[in-house]
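I have placed the structure first, in the form of structure tokens, so that the comments after it can refer back to it.
The values are calculated or read from the model by the stated rules, or taken from the named source; none is laboratory data. Remember, it's a predicted structure, so these values are computed and weren't measured experimentally. Every residue, glycine as well, gets a Cβ built from its backbone with ideal geometry; the counts of neighbours run over all protein chains shown. What goes into the accessible areas is simple: the full protein's heavy atoms, side chains included, and nothing from ligands, DNA or RNA. Shrake-Rupley method; radii C 1.70, N 1.55, O 1.52, S 1.80 Å.
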Amino acid sequence: MAFLDLLPGRIVVAPMAGGPTTPALVAAASSAGALGFLAAGYKTAASMMADIAAVRTAGVDVFGVNVFVPGVPCAEAEDLARYLKSVDAQVSDGVWDDDDFVGKVTALLSDPPPVVSFTFGCPDAPVISALHDAGTLVVVTVTNPSEARVAADAGADALCVQGVEAGAHRGTFANVDAPGRDYELLPLLVVVAAATDLPLIAAGGLMTAAQVRQVRTVGAVAAQCGTAFLRCPESGAHPLHKAALGNPRFTTTALTRAFSGRLARGLVNRFMLDHTDAPAAFPEINNATRALRAAAAALGDIDRMSLWAGQGFRAALELPAREVVARLTTYAG
């Protein structure tokens, strides 16, 4: 199957790890003509496979699964410890893990879905080749032309081109700050298209059919949307998170490492403003603050929750996923 055969509606529903993506969201979007992605991030291989089974039970054959590529442990242990102490003396130690990467890849090879995407890096060429042999197409998330060339050389079938406008985590291969790192989506599509002839999925703050049409005019074969689906009833986002997207108190988003140790875009709240000095330490900080964030949600404290959202968050609507897909495809053509 060619990659474009998976995209009849030219809309991709982004994998949103940590709860927002559910099998119900993927099934509803897929039945409406979009390509839905399950989010394997933070899950075990067994939990990922349970989600795959649930999607298939819902009668959906065409869908994707997103997997995090593990990075390296934080090299600045003292900085990490100092930051965690400043956040809350009761938070757990920041522990590194590989997000069960090998277990997930092994499970996907044993029961392959139509497509697998990778974020936070590009898997080695033998991993991509093995997925190809199993009948799975491979997408790699990229944020600059250099990453695009690495993914193309490794054998990727398509690229998810993520602009800085996107909500939640930046998909950069390296968790570092570097000049020229943050491309906006439209110029990024242009420079990546010049670097490779692979099909490009545009991602980053896309909320309307007009924006979908625009990125397709620039050269993308499809638009990936996440924030647009956060308020859908099929979304597993916390009710407080859904409500915050429409709360007039929140007027802007920003990039932060405060909650996870990796740059991510969310609604600006007190926690983000109070903790601007988080080191690059993912998933250590994410693991350490998980209980704190869960407790905040249980208490209704939106100032200590990670309210991930793209720049166009105000356009997110409380509509079923099928209606959101329809709105995005009205002029997608």
query: By its C-alpha gyration tensor, with a ≥ b ≥ c as the square roots of the eigenvalues, how is the stretch 148-231 shaped: rounded for a/c under 1.5, else prolate for a/b larger than b/c, else oblate?
result: oblate
- prompt: Listed highest first by mean packing, meaning other Cβ atoms within 10 Å per residue, what order do 304-313, 50-59 come in?
  reply: 304-313, 50-59
message: Straight-line reach only, C-alpha to C-alpha below 25 angstrom: list the lysines that LYS43 could link to, leaving out same-chain residues fewer than 8 apart.
response: LYS104, LYS242
query: Averaged per residue, what accessible area in Å² does the stretch 231-279 show with a 1.4 Å probe, protein chains only?
result: 39
query: Per residue, how many Å² of accessible area does the stretch 122-179 show with a 1.4 Å probe?
result: 35
task: When a/c is below 1.5 the answer is rounded, else prolate if a/b is larger than b/c, else oblate, so apply that to the stretch 263-333 with a ≥ b ≥ c taken from the square roots of the Cα gyration tensor eigenvalues.
output: prolate
- request: Give the calculated FRET efficiency between ASP88 and ASP197 to the nearest 0.05, with a Förster radius of 51 Å applied to their Cβ-Cβ distance.
  value: 0.55
- request: Sort the following peptides by mean Cβ neighbour count (other Cβ atoms within 10 Å, averaged over residues), highest first: 319-327, 293-301.
  value: 319-327, 293-301
- line: Expected unfolding gain across ASP177-ASP5 under the 0.36 nm per residue rule, minus the alpha-carbon gap, is 58.2 nm
- prompt: What number, in percent, do you get for the relative contact order of the stretch 93-190 if the mean sequence gap of Cα pairs under 8 Å and at least 6 apart is divided by its residue count?
  reply: 26
- request: Determine the share of the chain's accessible area contributed by carbon and sulfur atoms, expressed in whole percent, with a 1.4 angstrom probe.
  value: 55
- prompt: Given R₀ = 25 Å, FRET efficiency for ASP274-GLU318 by Cβ-Cβ distance, to 0.05?
  reply: 0.25
- line: Quick note, the stretch 71-120: a/c under 1.5 would make it rounded; otherwise a/b > b/c is prolate and the rest oblate (a ≥ b ≥ c, C-alpha gyration tensor); here it is prolate
Sorted peptide list for 3-14, 243-254, criterion being average Cβ within 10 angstrom, highest first: 3-14, 243-254
- line: If every Lys and Arg gets +1 and every Asp and Glu gets -1 at its Cβ, then about the Cα centre the stretch 266-316 yields a dipole, in debye to the nearest 20, of 180
- request: Please report how far the C-alpha centroid of the stretch 88-137 lies from that of the stretch 1-55, rounded to the nearest whole angstrom.
  value: 15
task: Be a star and scan the stretch 15-40 for residues whose amide nitrogen sits under 20 Å from the point 7 Å along the Cα-to-Cβ vector of ALA294.
output: 16-23, 39-40
- line: Sorted by chain and number, the residues with a modelled amide H under 5 Å from that of VAL12, at a separation of 5 or more or across chains, are LEU35, ALA223, GLN224, CYS225
